[in-house]
Amino acid sequence: MSRCFNHDDSAKTGLSHVAIPWGASGAFDVPAVWLRDNCPCPACRVEATTEKRNLISQVPLGVAPLSVSRPDAETLVVDWGEHQSCYTRSWFDSLASNSFRRPSPKIWSGGHRLTTFEAAQFDSEDGSTTGALELIHTLATQGAALVRGVPSEPGESDRFISRWVPVREVAFGRVHDVFSNPAGYNIAHTSEALPPHNDMASYANPPSGQIIHMLVNESTGGESTLVDGWNIVEQLTEDEREVLASVSVPFRQFDSSIETWARRPLLRFDDWGNPIHFRYSNQLMQTLEPDHPRLGEFYQAYHRLTELLLTPDNQAVFRLDTGDLMLLDNHRVLHGRRAFRPQTGARHLQDVYFELEDLINHGEVLANRT
Ligand SMILES: [Zn+2]
């Protein structure tokens, strides 16, 4: 059963509570005010749209049931006096799987080979939906997927994702060209090596989905490096995680006409301690103030984090060829590249961003259609 019901703070708060019979290991208590707040009746919640009608402040904090009964094994009826509520076992079960709407992540390390798809299958009559569902599942569980055989035309990355969800434009534009260009707005536009990073760290809410489409790759070097951020988090100590999730760091990216700046921690966790956001960009990180109260402990954890990112066992290294398109969870997977030699041949890729939550939620729509 769900982790959702493992924490019991009702004793601390002094709230009255109600025993729910359907836990994995027997009954468990929930605060009565939570139960009353989540009454599923049509007066409290619109059935068709799931929108909530009742307001928590209309329920007394110390609300307690007059009686609780079980007309059958799957149903719990609570009489509140002014109101009657009916809860089902299936509703309680649904809370567990609905918490994040994401399958459990499959964490990977350096030996990982990306799950690969063929571009043609997304255009075929019968393969488009099943192919899309497989691609979305791969991205949701592994944080990365590869599509081969995408036409080497500018704007194909935009076309590829726009069939399902909108592109997330940022201040630097909609489709981003990356090739050796001294006038470019960041280090990606040189031929230097790029350590693994998450893009657009200088946004408070960076795009969660990213596409890298290799239009042409004829130069020597420039192998791609991918790191699973969740694999790195697993190797950190509790103390390192805590300081990296607490100290907010400034990031900046700009050119002569565009400014982006945000200050956020490098890691974020959900309420149960699972990682949900990795934000690391060596090139965009700005200086932490010398009087920051946690400067020393931050640097210990940040140093260790960077060592882990650069450890070969944690890096998947491969070459993106002409026509390859890579999809990434930009809040989880870090990408980088080795140095390349621009004099040996052309290298040109395009980036497009989108919101991964849009794509995962679109998977629900597609699944309901099949
Ligand atoms: Zn109600």
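The values are calculated or read from the model by the stated rules, or taken from the named source; none is laboratory data. Every value quoted in this text rests on a predicted model; they were computed, and no experiment measured them. When we count neighbours, we look across all protein chains shown, and the Cβ atoms used for this are built from the backbone with ideal geometry, even at glycine.
Within segment 338-355, the set of residues being farther than 25 Å from Leu309 by Cα and among the aliphatic types (A, V, I, L, M) comprises just one member, Ala346.
Does Asp321 qualify as being in a loop (DSSP other than H, G, I, E, B), free of Cβ contacts under 8 Å to residues at least 40 places away in the same chain, assigned by TED's automatic domain parsing to the domain that holds Val216 and closer than 24 Å to Gly209 by Cβ? No; evaluated as a whole, the condition is false for this residue.
Identify all residues within segment 328-370 that are over 20 Å from Tyr280 (Cα atoms) and acidic (Asp, Glu); write none if there are none.
Matches in segment 328-370: Glu357, Asp358, Glu364.
Residue-level analysis places Pro21 outside the set of residues that are under 19 Å from Leu95 (Cα atoms), within 16 Å of the ligand (Cβ to nearest atom), surrounded by 12 or more Cβ atoms within 10 Å (Cβ to Cβ) and modelled with pLDDT under 95. In the condition set (1) within 30 Å of Pro312 (Cβ to Cβ); (2) more than 35 Å from the chain's Cα centre (by Cα), Ser69 is compliant with all but (1). Being touching a strand residue (DSSP E or B) at 6+ places or on another chain (Cβ under 6 Å), assigned by TED's automatic domain parsing to the domain that holds Glu355 and under 23 Å from Leu308 (Cα atoms) is not true of Leu215.
Listed by first and then second residue, the pairs linking a residue in segment 353-370 that is in a strand (DSSP E or B) to a residue that is aromatic (Phe, Trp, Tyr), with Cβ atoms under 9 Å apart and 6 or more places separating them unless they lie on different chains, are Phe354/Trp164.
Does Ser202 count as buried (at least 19 other Cβ atoms within 10 Å of the Cβ), among the hydroxyl-bearing types (Ser, Thr, Tyr) and in a loop (DSSP other than H, G, I, E, B)? Spell out how you get there, then give the answer.
Numbers: buried (at least 19 other Cβ atoms within 10 Å of the Cβ): yes; among the hydroxyl-bearing types (Ser, Thr, Tyr): yes; in a loop (DSSP other than H, G, I, E, B): yes.
For Ser202, the condition - buried (at least 19 other Cβ atoms within 10 Å of the Cβ), among the hydroxyl-bearing types (Ser, Thr, Tyr) and in a loop (DSSP other than H, G, I, E, B) - is met.
Residues of segment 243-280 that are crowded, with 18+ Cβ neighbours inside 10 Å and under 17 Å from the mean Cα position of the chain (by Cα): Ala245, Arg264, Leu266, Leu267, Pro275, His277, Phe278, Arg279, Tyr280. Total residues in segment 327-349 satisfying the condition of being farther than 14 Å from Gly229 by Cβ and surrounded by fewer than 23 Cβ atoms within 10 Å (Cβ to Cβ): the figure is 10.
Looking at Thr237, Thr260, just one residue is β-branched (Val, Ile, Thr) and touching a Ser or Thr at 6+ places or on another chain (Cβ under 7 Å), and that residue is Thr260. Return only the number of the condition from (1) surrounded by 18 or more Cβ atoms within 10 Å (Cβ to Cβ); (2) without any contact (Cβ under 8 Å) to a residue 24 or more places away in the chain that Glu134 does not satisfy. Looking at each condition in turn, Glu134 falls short on (1).
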